[in-house]
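Worksheet: one structure, shown below.
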Amino acid sequence: MSELAAIHVGGLASDIDTEGLIATMVEARGYQLTIWEEEQTEINYDVTAWSDISTYMSDLTECLDTLRSWDTWNNKTATSSDETAVTATAGSSSAAGTYTISVTELAKSHSVRSKSYTSATTDLTTGDLTDGDQFELGGVTFTIGADEYGQTLSGKETLTSLAAKINYASSSMDDDERVTAMVVKGSATEYYLMISREATGDTAISSADTLGSALQSLEIRSDAGPGDNYAHVLTDHADASFTLNGLAMTRSSNTGLTDVITGVTLNLLNETVTDVTLTIGRDTETVKTAITDFVEKYNALAEKLDFYGQISTSGTAVTGAEVDGLGELYNDSLVSQIKNNVRRLATESKDLLGLYNGYKNSGGSGQVQVIDPSYTYNGNSGVLDCLDDLGIWTTSETNELEITDEDKLDYMLANYFDEAEQMIRGAYDSEEGYREGFATDFYRYSDSVSTSITGDIAERKSTLTDKYDDLTDKMSELTDKLEDYTQDLWEQFGEMEDAMSEMNSELTELLSQLGES
């Protein structure tokens, strides 16, 4: 329709506000649009609320996954009585135990020097060295005065150029032979070439004069070599010497020792005056942190579910709610369902004692491996089968969890670690996997609610989105019908105006004729 054709002028003959009348009639027929727009607004509020809940539910799922993880419960700690002398890290395969370590000598790397020279830049080929002589160092061959290894010398050689050559070639040396060099100033007139083996251990620097006697002339070697014949030794090569529970040991390195205690990386830092006690034990702090994190994430979700599902409050309106004091999702059954399920899963007891009595010391296909869940704390006996046995329970005022007895939690992790792991992770069934585990069962439910696309929340949001799209289609369809209806009304009123105009014209002519007679 052109802009010109869309312009309507009414009421010229009838003196009726045609435009206003048509607008009222169209509005009356299109009242449903306003209702649908309000429904879409409310749907948007609902989707936003569910997205918010989904974030908190995902956080809970993630921390439950950590809490049920084998890694969380099988971390180990290594505690040294003297961390200035010995430190260690313990892997999950390490066995709990106490070790006594005494360090007699640390591993050292071999280091030697040349004789002294009055300058680092004196051309040595005019004195001690001969242009073209060759020597081997760290498995690499060097030529006196040659343009090599990043140096342009034109037949000259200095302490500085020798150090630069050696360091340039160092990267191509084998790890066990690699050496580095530097020029060291002893005094205003004393300069030395110092060569050091990079690796520690009882292995000498590999070197030899292969053509001429450059290394002997520098007084680095005392003979042509090969062999451990150095004129000026700064640090002798040595293995680390230490004892472990009285057993004498040597290693070529001081740190990163993984072959001393199974599953433990040992670092020797200083020689010891007194024995160092190294204790490998359960990492209770990591577990406690995971439990505390679960309590926090559970409470955050519970608070959010209460907020959106509340039926009456002190009168504070909730964003998007139509009725003051009602939560945005107060009439959504899924909110109540999730609230009830998470509370049940957090407070229910597991049948660990029944499993223990039924399958004690059993194993093999289809059998459950269970340990006795009984415990004693402060003179009272119980069965470790729920959070309450770890000193965690719900508060009387709300549905939230609280660490009601932190001393008990610490005590249970220190003294009944395996029983606590069984309660939280579950007893292992060779056919069904872990069962009757608090975190394991809770995770399965939480994941089924929070997982994207197929989770309960994702499906609820999808249903709401479909409803929103349905309303959009209906609104579009009704809008098209209202446009047609508007056009029909203008045509009908136009015909009425034309008829009234013609009738007025005829009446005027009639009156005119009567006036003439």
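Nearest 20 debye, what's the magnitude of the dipole of the stretch 221-279 about its Cα centre given +1 on Lys and Arg Cβ and -1 on Asp and Glu Cβ?
The calculated dipole for the stretch 221-279 is roughly 120 debye.
Multiplying the residue separation of THR141 and MET182 by 0.36 nm and subtracting their alpha-carbon distance yields 12.9 nm.
Please report the carbon-and-sulfur percent of the accessible area for the stretch 199-243; probe 1.4 Å, protein heavy atoms only, DNA, RNA and ligands left out. That fraction is 46 percent.
The alpha carbon radius of gyration of the stretch 407-517, expressed as a multiple of 2.2 N^0.38 Å, is 3.01. The phi torsions of the stretch 87-101, fed into the Karplus equation with coefficients 6.51, -1.76 and 1.60 and a -60° offset, translate into couplings of 10, 7, 10, 10, x, 5, 7, 6, 9, 4, x, 10, 10, 10, 10 Hz, rounded to whole numbers, with Gly and Pro shown as x.
Here the chain is assigned +1 on the Cβ of each Lys and Arg and -1 on the Cβ of each Asp and Glu. Its dipole about the Cα centre then comes out at about 4100 debye.
Just grab the label-to-label distance for GLU502 and THR398, each label 7 Å out from Cα along the Cβ direction, in nm (one decimal). About 7.9 nm, to one decimal.
For LEU234 and SER154, the FRET efficiency from 1/(1 + (r/R0)^6), where r spans their Cβ atoms and R0 equals 30 Å, is about 0.40.
Scattering from the chain was approximated by placing one identical point on each alpha carbon and applying the Debye formula without solvent; log10 I(q)/I(0) at 0.08, 0.10 1/Å stands at -0.81, -0.94. Amide H to amide H, with H built 1.01 Å from N, ASN75 comes under 5 Å of ASP283, counting only residues 5 or more places away or on other chains.
For the pair SER171 and THR243, what calculated FRET efficiency results from E = 1/(1 + (r/R0)^6), where r is the Cβ-Cβ distance and R0 = 45 Å, to the nearest 0.05?
0.75
You can think of it this way: the chain between SER374 and GLU105 has 92.0 nm of extra reach, that is 0.36 nm per residue less the Cα-Cα gap.
Positive-end ranking of ALA302, THR100, ASN341 along the dipole of the chain, with charges on Cβ about the Cα centre, is headed by THR100. Label positions at ALA23 and LYS481, each projected 7 Å from the Cα along the C-beta direction, are separated by 2.4 nm. In the structure shown, the pairs LYS288/LYS350; LYS288/LYS408; LYS76/LYS288; LYS108/LYS185 are assessed against 18 Å; a Cα-Cα span above that value is assigned to LYS288/LYS350; LYS108/LYS185. Using θ = phi - 60° in the Karplus curve 6.51 cos²θ - 1.76 cosθ + 1.60, the 3J(HN,Hα) couplings for the stretch 111-118 round to 9, 9, 9, 8, 6, 8, 10, 6 Hz; x is entered for Gly and Pro. Assign one of three labels to the stretch 157-284, namely rounded, prolate or oblate, based on the Cα gyration tensor with a ≥ b ≥ c the square roots of its eigenvalues; rounded applies when a/c is under 1.5, prolate when it is not and a/b is larger than b/c, and oblate otherwise. Judged from the Cα gyration tensor, the stretch 157-284 comes out prolate (a/c at least 1.5, a/b above b/c). With a Förster radius of 51 Å applied to the beta-carbon distance between GLU42 and GLU285, the computed FRET efficiency rounds to 0.60. With the convex hull drawn over the C-alpha atoms of the stretch 88-129, the volume per residue is 185 Å³. Checking the cross-link filter: which lysines have an alpha carbon closer than 25 Å to that of LYS474, excluding same-chain neighbours under 8 positions apart? Candidates past the 8-residue exclusion: LYS461. Remark: accessible surface ordering of GLU105, GLU296 (largest first) is GLU296, GLU105, probe radius 1.4 Å.
Solvent exposure of the stretch 152-277, expressed per residue, is 49 Å² of accessible area, with all protein chains present and a 1.4 angstrom probe.
Helical runs (DSSP H, four residues minimum) scored at -39500 (n - 2.57) apiece and divided by the length of the chain put the mean residue ellipticity at 222 nm at -14000 deg cm²/dmol.
The values are calculated or read from the model by the stated rules, or taken from the named source; none is laboratory data. Worth saying up front: this structure is predicted, and the values here are computed from it rather than measured. No Cβ is skipped: glycine too gets one built from the backbone with ideal geometry, and neighbour counts run over all protein chains shown. Side chains are part of the model used for accessible areas, which takes the heavy atoms of the whole protein and leaves out ligands, DNA and RNA. Shrake-Rupley method; radii C 1.70, N 1.55, O 1.52, S 1.80 Å.
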